[in-house]
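Trainee: Let me give you the structure first, and then I'll get to my questions.
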Amino acid sequence: MDEKLERALGEREGAVVELTRELVAFPTINPPGEAYTPCAEFLGRRLAASGFEIAYIRSEGAPGDSDLYPRTNVVGRHETGRPGPTIHFNGHLDVVEVGQGWTVDPFAGEVRDGRIHGRGTCDMKGGLAAAVVAVEALLASGLPLRGAIEISGTVDEESGGFGGVAHLAGLGYFSKPRVDHVIIPEPLNVDRVCIGHRGVWWAEIETRGRIAHGSMPFLGDCAIRHMGAFIQALETELYPRLGERRTAMPVVPDGARASTLNLNAIRAGTAPEKGGLPSPCVADRCRLTIDRRYLIEERIEEVEGEIRALLDRLAAERPGFAYGLRELMHVAPIMTEPTAPVPQAVAMAIEAVLGRPAAFVASPGTYDQKHIARIGHLDDCVAYGPGILDLAHQPDEFVVIEDLVASMRVMALATLRLMGVPA
Ligand SMILES: [Zn+2]
């Protein structure tokens with residue numbers, strides 16, 4: 001690594017820890033979307049100090065946006081003064097709820113045993129801090145750069161990203177010619193480059209029956225039993241088929257390399273209030289929410305079609321079976337080619353910093369890259385950042401300081417590779 005850059009990075013190992021702790025101190029819990037504006041303004045002031053031009057963009061009317069909980073995003077842009085491409089680092093400012101089981105203050109950023117603890121240290125304020133300090137070091141090194149560098153802090157990733165990256169993408173923030181390369185410092189482990197994710201299809205299935213007194217169920221028609229027949233068909237017919245389908249995409253963990261289906265929620269009958277008894281009725285409605293994660297080799301028409309085929313067959317064979325099927329959400333699978341500029345630059349930097357080859361992986365679930373691909377039509381995008389993916393959203397979440405510092409070096413080196421002026 002260049003000596004001047006090495007020195008600038010070495011001087012900033014404490015700064016990346018400090019910035020992570022400062023970001024974690026904002027309790028940006030989503031929902032409802034607390035402390036978004038002060039957190040965005042803090043990041044904006046930080047970037048302005050390095051010569052970034054700052055824009056605050058509130059996604060008015062986005063889900064959850066209100067005067068009490070404004071959806072405030074921040075974008076900083078630094079022009080080098082030489083023509084060239086633009087690289088954009090995007091981090092989400094929101095964190096999930098704290099939940100039970102913590103042994104440390106979730107917002108204190110406590111440093112212990114080489115780790116920073118707190119909600120969002122791993123997912124993903126540590127990664128955002130690493131990107132910011134990497135760029136600060138690169139600018140301070142005085143190495144000649146071309147093009148522009150952008151850093152954004154966006155909201156609502158944990159609830160779909162509609163008031164965050166999707167909103168900015170709709171305004172052209174993630175499209176050419178404004179931006180060429182995007183790195184999202186999500187916690188995918190310090191030596192892995194994430195090039196995409198599987199598809200998502202959420203649907204609600206409703207079975208219908210007829211209400212009657214629970215002592216005379218033969219006078220009604222039980223929607224829960226109809227749903228039971230559908231779940232039985234899933235067990236015997238669909239689950240075995242899904243397990244056999246394997247993707248060529250490098251999805252981690254290995255179990256997610258198959259097609260999967262989760263039954264997220266089921267509701268029917270009159271639920272008892274706080275330990276009471278339900279009323280003795282035959283349930284006339286049963287609703288099931290399914291969470292289907294599909295492979296890049298599958299088509300959405302087939303994903304929906306095989307569910308509908310099971311339901312149609314039950315409707316033909318089972319007396320009284322009637323159903324409704326409603327799509328709740330659809331996100332297509334995406335993949336950046338590993339040979340594209342950003343995956344190559346990050347992989348090269350990982351090998352240079354860690355002394356071992358990078359692994360290309362794909363995520364079992366989605367993240368904001370979906371909006372960049374679908375709305376921004378920008379393909380050269382990866383997720384890369386410190387933090388152990390499995391720790392995200394857990395109690396006593398932490399990021400390992402050694403990984404945080406290594407990822408800062410990787411991001412600086414990858415940026416230099418993409419933005420440096422060739423000698
Ligand atoms: Zn995240």
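Please treat every number below as a calculation from the coordinates, not as lab data. These numbers were taken from a predicted model, which means no experiment stands behind them. Here the Cβ is made from the backbone with ideal geometry for all residues, glycine too, and neighbour counts use every protein chain on show.
Trainee: Give the calculated FRET efficiency between residue 266 and residue 175 to the nearest 0.05, with a Förster radius of 45 Å applied to their Cβ-Cβ distance.
Mentor: Numbers: r = 41 Å, r/R0 = 0.91.
Plugging the Cβ-Cβ distance into 1/(1 + (r/R0)^6) gives 0.65.
Trainee: Residue by residue through the range 9-22, which ³J(HN,Hα) values in whole Hz follow from phi under the Karplus form 6.51 cos²θ - 1.76 cosθ + 1.60 (θ = phi - 60°), with glycine and proline marked x?
Mentor: Karplus-based 3J(HN,Hα) across the range 9-22 equals 6, x, 6, 10, 5, x, 5, 6, 5, 4, 5, 4, 5, 5 Hz.
Trainee: How much of the DSSP beta bridge set in the chain is antiparallel, as a percent to the nearest 5? Numbers along the way, then the final one.
Mentor: Working: 51 of 70 bridges.
The antiparallel fraction comes to roughly 75 percent.
Trainee: Also: Classify the range 1-95 from the C-alpha gyration tensor, please: rounded if a/c falls under 1.5, else prolate or oblate depending on whether a/b exceeds b/c.
Mentor: Values: a/c = 2.88, a/b = 1.60, b/c = 1.80.
The shape class here is oblate.
Trainee: Normalised by the residues of the chain, what does the relative contact order come to in percent, with Cα pairs under 8 Å and at least six apart?
Mentor: 25 percent
Trainee: Which translational diffusion coefficient, to the nearest whole µm²/s, is obtained for the range 199-331 from the Stokes-Einstein equation, given a Kirkwood hydrodynamic radius over C-alpha pairs, 4 °C and 1.567 mPa s?
Mentor: Values: Rh = 16.2 Å.
For these conditions, the coefficient is 80 µm²/s.
Trainee: Continuing with the same structure: Stretch residue 218-residue 237 to full length: gain in nm at 0.36 nm per residue minus the Cα-Cα span? The partial results should precede the final answer.
Mentor: On the way: separation 19, 0.36 × 19 = 6.84 nm, distance 2.90 nm.
Answer, rounded to one decimal: 3.9 nm.
Trainee: Let me ask you something else. So how long is each side of the range 318-423 along the principal axes, counting just the alpha-carbon atoms, biggest first, in Å?
Mentor: 75, 37, 21
Trainee: Expressed as a fraction of 2.2 N^0.38 Å, the rule-of-thumb size for a compact globular protein of N residues, what is the C-alpha radius of gyration of the chain?
Mentor: 1.11
Trainee: Take residue 41 and residue 100, extend 7 Å from each Cα along the Cα→Cβ direction, and tell me the distance between the two endpoints in nm.
Mentor: Each label point lies 7 Å from its Cα, and together they span 3.7 nm.
Trainee: What list of ³J(HN,Hα) couplings, whole Hz, do you get for the range 358-364 from phi and the Karplus terms 6.51, -1.76, 1.60, once you set θ to phi - 60° and write x for glycine and proline?
Mentor: 7, 9, 8, 10, 10, 8, x
Trainee: Taking Cα pairs under 8 Å and at least six residues apart, what relative contact order does the range 199-331 come out at, in percent? Present the calculation step by step, with values, prior to reporting the outcome.
Mentor: Details: 235 pairs, mean separation 56.7, N = 133.
Averaging sequence separation for qualifying contacts and normalising by length gives 43 percent for the range 199-331.
Trainee: What is the set of long-range amide H partners of residue 73 at a cut-off below 5 Å, with H atoms built 1.01 Å from backbone N?
Mentor: 57, 58, 59
Trainee: In addition: Be a star and scan the range 397-417 for residues whose amide nitrogen sits under 19 Å from the point 7 Å along the Cα-to-Cβ vector of residue 351.
Mentor: 407, 409-417
Trainee: While we're on this one: In nm, to one decimal, how far is the modelled label at residue 22 from the one at residue 316, with both set 7 Å along Cα→Cβ?
Mentor: In this crude spin-label approximation the distance works out to 6.6 nm.
Trainee: Mind giving me the nanometre distance, one decimal, between the label points for residue 244 and residue 393, set 7 Å out from Cα along Cα→Cβ?
Mentor: It works out to 3.1 nm between the two label points.
Trainee: Let me ask something additional. Pop the C-beta distance of residue 2 and residue 53 into the FRET formula with R0 = 35 Å and round what comes out to the nearest 0.05.
Mentor: 0.85
Trainee: Of 73, 264, 30, which has the largest mean-square fluctuation in a 10 Å C-alpha GNM of the chain?
Mentor: Comparing 73, 264, 30 in a Gaussian network model of the chain, the most mobile one is 264.
Trainee: Compute a Gaussian network model of the chain, connecting alpha carbons closer than 10 Å, and tell me which residue from 235, 297, 351 fluctuates the most.
Mentor: 235
Trainee: With θ set to phi - 60°, apply the Karplus curve 6.51 cos²θ - 1.76 cosθ + 1.60 along the range 227-238 and write out the HN-Hα couplings as whole Hz, x wherever there is a Gly or Pro.
Mentor: 5, x, 5, 5, 5, 4, 5, 4, 4, 8, 10, 7
Trainee: Please identify, among 346, 155, 104, the residue showing maximal mean-square fluctuation in a Gaussian network model of the chain using a 10 angstrom Cα cutoff.
Mentor: Highest fluctuation of the listed residues: 104.
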